[in-house]
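This report refers to the structure that appears directly beneath it.
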Amino acid sequence: MAPSFHEFDLIQWIREQCPNSKANLIGIGDDTAILQPPLNSEMLFATDMLMEGTHFTFPPATPERAGRKALAVNLSDIAAMAGQPHSALISLALPKSKGPEFAKAVMQGIINLAKEFQIQLIGGDTNSWDGPLVINVAIIGTAPQSKSVKRPGAMPGDWIFVTGELGGSLPDHHLSFTPRIHEASTLNQTVSLHSMIDISDGLASDLNHILRESNVGAILDATTIPISNRISADEPKQTRLQHALSDGEDFELLFTVSPEDGKQLLNQNPLSIKLTHIGEVTSRQTAFLQHPDGSQTSLEDSGWKHEL
Ligand SMILES: [Mg+2]
């Protein structure tokens, strides 16, 4: 179908905002973009779709913040592999009831974050419909050959670390978080990362992803879990811990390293954000939470439910 006037207008506007900036690719303007893969690199691909009413609501989201989040969650997946983001394709389903200014605002949120992380927008699609806003981002990243960090690779005895603080991502953090691209890259250059994931579903769920892929288990020390001060201090201790374990959308890094590398990270944190040793990988293929009284409880998958 021929593009509507607004679609044509929007694409022209996007081209003006996003001049071609990468030497090895040709972006918007032809039927497809063309990318010459960088030498000695592996390429990373991911896509994530965000829907109004499920992944954000207006308010507290604004069109800009919804756009920003759509790119940020994709950047977080590139961070989880310790890759560098390269370029992205953006597809929008725009509510017919909203005008071009709304579409531009969504794109502005995406463009601002794209500039911050030096990635080029190279294509996509726009449509309007009677439904709510839907934003799909397909992201392309690179890593030096064989250097991206995968989920399998956790070994019994590994120390488990997490960046930042967990829990209470609603109502604001999930719209404003910083994808841990730079932190993942620094960690990957400092130590040997055995396995890594970004926390989207919640610490308990995402740790279980690593453990299942690696055929191992884990024991976490409940007293060490970094609970965010986004969660009210008035809440009972157990409730605060539960939030940190299961709220999700923290978009922090969860990774495992050898005890030697773990000690190095504790001695000298190479990041400008908090880095916490929260437990150890075990061979028994189940995850447990160790409490201060010495008791252990099973660390069930208790992931984030989309409650907005
Ligand atoms: Mg992920």
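Could you tell me the accessible area of Val281 in Å² (1.4 Å probe, neighbours in place), rounded to the nearest ten?
The accessible area comes out at roughly 10 Å².
Under 23 Å between alpha carbons: how many lysine pairs meet that in region 5-144, if sequence neighbours fewer than 8 apart on the same chain are excluded? Don't skip to the answer; put the middle values down first.
On the way: Lys22/Lys115; Lys69/Lys96; Lys69/Lys98; Lys69/Lys104; Lys69/Lys115; Lys96/Lys104; Lys104/Lys115.
Taking region 5-144 as the scope, the lysine pair count is 7.
In deg cm²/dmol, rounded to 500, what helix-only [θ] at 222 nm does the chain give when every DSSP H run of at least 4 residues adds -39500 (n - 2.57) and the total is split over its residues?
Numbers: 8 runs with 93 residues, N = 308.
Rounded to the nearest 500, it is -9500 deg cm²/dmol.
With θ set to phi - 60°, apply the Karplus curve 6.51 cos²θ - 1.76 cosθ + 1.60 along region 63-78 and write out the HN-Hα couplings as whole Hz, x wherever there is a Gly or Pro.
So the Karplus estimates, Gly and Pro as x, are x, 4, 5, 5, x, 4, 4, 4, 6, 4, 5, 6, 4, 4, 5, 5 Hz.
Pick from Asp201, Asp77, Asp48 the residue whose mean-square fluctuation is largest in a GNM of the chain, springs joining Cα atoms under 10 Å.
For the chain, modelled as a Gaussian network with Cα springs under 10 Å, the answer is Asp48.
Go ahead and set up a Gaussian network model of the chain, Cα springs under 10 Å, then flag whichever of Met81, Met51, Met196 fluctuates most.
Of Met81, Met51, Met196, the Gaussian network model singles out Met51 as fluctuating most.
Restricting to the chain, what percent of DSSP beta bridges are antiparallel, rounded to 5? The partial results should precede the final answer.
Values: 42 of 58 bridges.
Antiparallel: roughly 70 percent of the beta bridges in the chain.
In a GNM of the chain with a 10 Å cut-off on Cα contacts, which of Glu64, Glu260, Glu165 has the highest mean-square fluctuation?
In this elastic network of the chain, the residue with the biggest mean-square fluctuation among Glu64, Glu260, Glu165 is Glu260.
Please name whichever of Ser298, Gln268, Thr256 sits farthest to the positive end of the charge dipole of the chain, dipole taken about the Cα centre and charges placed at Cβ: Lys and Arg +1, Asp and Glu -1.
It is Gln268, whose Cα lies furthest towards the positive end.
When the Cα atoms of region 92-219 are enclosed in a convex hull and the volume is divided per residue, what value in Å³ results? Before the final figure, lay out each step's value.
Numbers: hull volume 19.8 nm³, N = 128.
Normalising the Cα hull of region 92-219 by residue number yields 155 Å³.
Please give the charge dipole size of the chain, origin at the Cα centre, charges +1 on K and R Cβ atoms and -1 on D and E Cβ atoms. Round to the nearest 20 debye.
Working: 21 positive and 36 negative charges, 84 e Å.
Roughly 400 debye for the chain.
Please list, in chain and number order, the residues 5+ apart from Ala33 or on another chain whose amide H is under 5 Å from its amide H, with Hs placed from the backbone.
For Ala33, whose amide H was placed from the backbone, there are no distant partners under 5 Å.
Relative contact order for the chain: what percent, with Cα pairs under 8 Å and sequence separation of 6 or more?
22
So for region 159-298, what percent of the C-alpha to C-alpha distances run longer than 19 Å?
On the way: 4736 of 9730 pairs.
Cα-Cα pairs in region 159-298 separated by more than 19 Å: 49 percent.
If contacts are Cα pairs under 8 angstrom and at least 6 residues apart, what is the relative contact order of region 5-144 in percent? Walk me through the intermediate numbers first.
On the way: 242 pairs, mean separation 52.9, N = 140.
In percent, rounded to a whole number, it is 38.
The values are calculated or read from the model by the stated rules, or taken from the named source; none is laboratory data. Given the structure is predicted, the values throughout are model-derived calculations rather than measurements. Heads up, the Cβs are rebuilt from the backbone with ideal geometry, glycines too, and the neighbour counts pull from every protein chain shown. Remember, those area values only see protein heavy atoms, side chains included, never the ligands or the DNA or RNA. Shrake-Rupley method; radii C 1.70, N 1.55, O 1.52, S 1.80 Å.
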